[in-house]
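The structure appears below as structure tokens.
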Number of protein chains: 2
Amino acid sequence: MVKPSPACREAILDIKPYVPGKPIEEVQRELGIKDVIKLASNENPLGPSPDAVMAIREAAEKIYLYPDGNCYYLKQALAAKLDVGEDQLIVGNGTDEILKLLGEAFVDPGDEVVVADPTFSEYEFAAQVMGGRVMKVPCRDFRLDLEAMAGAVSPRTRLIFVCNPNNPTGTIVSRDELDSFLDRVPPRILVVLDEAYYEYVTSPEYPDSLAYVRGGRPNVIVLRTFSKIYGLAGLRVGYGIAHPEIINSLNRVREPFNVNSLAQIAARAALDDEAHVGKSKEVNNEGKEFLYEQFRALGLKYVPTESNFIFVDIGRDSREVFKKMLAKGVIVRTGDIFGFTTFLRITIGTRRQNQRFIDVLREVLSEVP
Amino acid sequence: MVKPSPACREAILDIKPYVPGKPIEEVQRELGIKDVIKLASNENPLGPSPDAVMAIREAAEKIYLYPDGNCYYLKQALAAKLDVGEDQLIVGNGTDEILKLLGEAFVDPGDEVVVADPTFSEYEFAAQVMGGRVMKVPCRDFRLDLEAMAGAVSPRTRLIFVCNPNNPTGTIVSRDELDSFLDRVPPRILVVLDEAYYEYVTSPEYPDSLAYVRGGRPNVIVLRTFSKIYGLAGLRVGYGIAHPEIINSLNRVREPFNVNSLAQIAARAALDDEAHVGKSKEVNNEGKEFLYEQFRALGLKYVPTESNFIFVDIGRDSREVFKKMLAKGVIVRTGDIFGFTTFLRITIGTRRQNQRFIDVLREVLSEVP
């Protein structure tokens, strides 16, 4: 192959360039459907906190000013809420950006990064951008196999990504499992605990990961987000909690104005709206039970979840089911991108959305043998 | 030095970690001053387009949905306005992000990047993150020395950054100069034409850089922004125009949801508000003439500008003048960060702001011998 001129780095040739898709509005127009529900991206079906919306409307005229590059007020609020220091916090343009910063700060070409399989795909991306090698460790019964992940460590390992709850399976690793894992992992390796779905967890076995950071452990970073239960996915704001040395390393590679000003303002407002978070949990728990019941009635196996989505085996080609559901106005995520061709990943919606999803699923399953 | 554990990459040890500053609101409170004007960040003193503000307020309730990862509607509008293809466009979380993507896509450790001195500091940052070497070529009479920059090319050169108008000097390179420069630069090297201040230029000598892209030239990328004349600095949205192969390379290293949804919506609205852009130019041109006149009256040498800021020699330690002006509620940028210790970089403000700035400057200059 003749390289285009100027040629990009060889290290990134394996990364598939983003294939632009059309916005939902365009798909709707083309298919001639009106009422579309999207249960594909694990967004909060109740929307954002009304306080966040109000804060945005009030601040809208100030957008001509650069954002605060230090997220001063947001960090102050997070530090108070989480009982950590402001120097133990970093805020990103979504957790996505922090994942990339982790690659940029810690991964040299040829370094290794350990991830589960299946798990969130951005971990692999962060490593690939920096020419890192990704070691994938299969899940066991849809759960992260922390023993095998610790066993995959080599002298070149720099990062281990623990998605907890795991996307797309919704399962967690327990406090005891994580404790033993951290005992085994050499302290020179940074363990990334991605807790994007933290607020949805109901299991008493779930680890209190911030205790590691508060206790001064230098090789753990906890990631959380405003994109899920806080309902601010469109604004892009995620954060990391770690030892100040780790935060310092990440700040070296961070752009000075990475988090937009409306995101900072909305996140502060959303953080205080505990009623909205409480209601969102309630709706999620109810929806979970409803969907479990319906899946059982349909004879479908699902993975019990600790998050706001369910990984369900529909026993048929998920791409085909996806297309037929889309034509009926219900958008879901197919399992093939995670290597599970007969699975769907369904965001738990409102009662009405869940009912509509089940109705459409039942129809489509009867059409697809 | 004992390395912290886990240690960051050696390549980034030379990057100074961001030193968190306090927001203006905090400084104001501490100094006990009320009416602060900020002429430090080259923001639009007229604020954002009112259409953009309205668009944000209308869309605020939709922020629970992920942004369109392809900036579909914004690219459509930009493509139509600029007469380029949508596949010739990339949108970033500010131009800052696109600069970093350029490093990630094209710079391997040890590769070289050519920049002017002084110029915008983020070019150096983008190279450093990837372990690139930065070759600085001094300006001549505050103007980019394109001949010397072409002469600095080596077999390892991958990127050349041409800031036009140049930040902090406000000068431009002409069409003829750029043509000869591009003739000399080997086609395997990508030339980055950063036109953040494009809309403010009044000189007829200014190059029509998009003509290179429209003509199919593969080794040029033009960068523009919504942070300056469009008044959306807080929302972070910049864009690049280049050959589809270059866009493709950048998309390999781009996070899928890099541009927040309110930024996309506000940028589209601002793009159509030509009245606001026109008025902003007018205010800038008037302010420029006023400040020139005042500087002459004060006996200060300044660099004639093609942008919305002026680089002026105050003949005194700029840090000291900065502090005294800050105490009187006027924030400017000191030249020391660009290597010019007796210079200030002043954003051209509204008539009232310019008058207040001059009054305070006159006072302070009389206090500092």
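The values are calculated or read from the model by the stated rules, or taken from the named source; none is laboratory data. Small disclaimer: the values here were computed from a predicted structure and weren't measured. Reconstructed Cβ throughout: ideal geometry from the backbone, glycine too, with neighbour counts over all protein chains shown. Accessible surface areas use protein heavy atoms only, side chains included; no ligands, DNA or RNA. Shrake-Rupley method; radii C 1.70, N 1.55, O 1.52, S 1.80 Å.
For region A:239-369, the dipole from Cβ point charges (+1 on Lys and Arg, -1 on Asp and Glu) about the Cα centre works out to 320 debye, to the nearest 20.
Between B:ALA152 and A:ARG319, what FRET efficiency follows from the Cβ-Cβ distance if R0 is 41 Å, with the result rounded to 0.05?
According to the calculation, E is roughly 0.20.
For the protein assembly as shown, a crude dipole built from +1 on the beta carbon of Lys and Arg and -1 on the beta carbon of Asp and Glu, taken about the Cα centre, is about 140 debye to the nearest 20. Think of it as helices only: each DSSP H run of n ≥ 4 in the protein assembly as shown is worth -39500 (n - 2.57), and spread over all residues that comes to -11500 deg cm²/dmol at 222 nm. Evaluate peptide B:258-269: per residue, the Cβ atoms of other protein chains within 10 Å of its Cβ; return the mean as an integer. Mean partner-chain Cβ count within 10 Å for B:258-269: 4.
Could you give the size of the charge dipole of region A:33-185 about its Cα centre, using +1 on the Cβ of each K and R and -1 on the Cβ of each D and E, expressed in debye and rounded to the nearest 20? Let's see the in-between values first.
Details: 15 positive and 25 negative charges, 59 e Å.
It works out to roughly 280 debye.
When B:GLU43, B:GLU58 are compared by accessible area at a 1.4 angstrom probe, the order from most to least is B:GLU58, B:GLU43. Each of A:HIS276, B:HIS243 has its accessible area taken with a 1.4 Å probe; listed largest first, they run B:HIS243, A:HIS276. Can you give the translational diffusion coefficient of the protein assembly as shown in µm²/s, computed by Stokes-Einstein from the Kirkwood radius over Cα pairs at 25 °C and 0.890 mPa s? Taking Rh from Cα pairs, D becomes 91 µm²/s. Bridge orientation summary for region A:50-272: considering DSSP beta bridges with both residues in this region, about 35 percent are antiparallel. For A:ILE331, nonlocal amide neighbours, meaning residues 5 or more places apart or on other chains whose placed amide H falls under 5 Å from its own, are A:ILE37, A:LYS38, A:LEU39. Once the Cα-Cα distance is subtracted from the 0.36 nm per residue extended length, the B:GLU205 to B:SER180 segment shows a gain of 7.6 nm.
Of the beta bridges in the protein assembly as shown, as assigned by DSSP with both residues counted there, near 50 percent are antiparallel.
In percent, rounded to a whole number, the relative contact order of chain A is 23, using alpha-carbon pairs under 8 Å and six or more apart.
Accessible surface computed residue by residue for chain B, with neighbouring protein chains in place and a 1.4 Å probe, gives 38 Å² per residue. Since only B:ILE229, B:ALA211, B:VAL185 are under comparison, the one whose Cα sits farthest along the positive direction of the charge dipole of region B:117-273, derived from C-beta charges on Lys, Arg, Asp and Glu, is B:VAL185.
Between chain A and chain B, roughly 7300 Å² of accessible surface gets buried, counting both sides and using a 1.4 Å probe. Expressed as a whole percent, the accessible surface of the protein assembly as shown that belongs to carbon and sulfur atoms is 50, based on a 1.4 Å probe.
With the label put 7 angstrom out from Cα along the Cα-to-Cβ vector, B:ARG351 ends up 6.2 nm from the copy partners, going from closest to farthest. Our coupling estimate for region A:40-49, obtained by passing each phi through the Karplus curve with A = 6.51, B = -1.76, C = 1.60 and θ = phi - 60°, is 10, 10, 6, 7, 7, x, 7, x, x, 4 Hz, Gly and Pro reported as x.
Note that region B:134-142 has calculated 3J(HN,Hα) couplings of 9, 9, 9, 10, x, 5, 10, 6, 6 Hz, one per residue in order, obtained from phi through the Karplus relation 6.51 cos²θ - 1.76 cosθ + 1.60 (θ = phi - 60°); glycine and proline are x.
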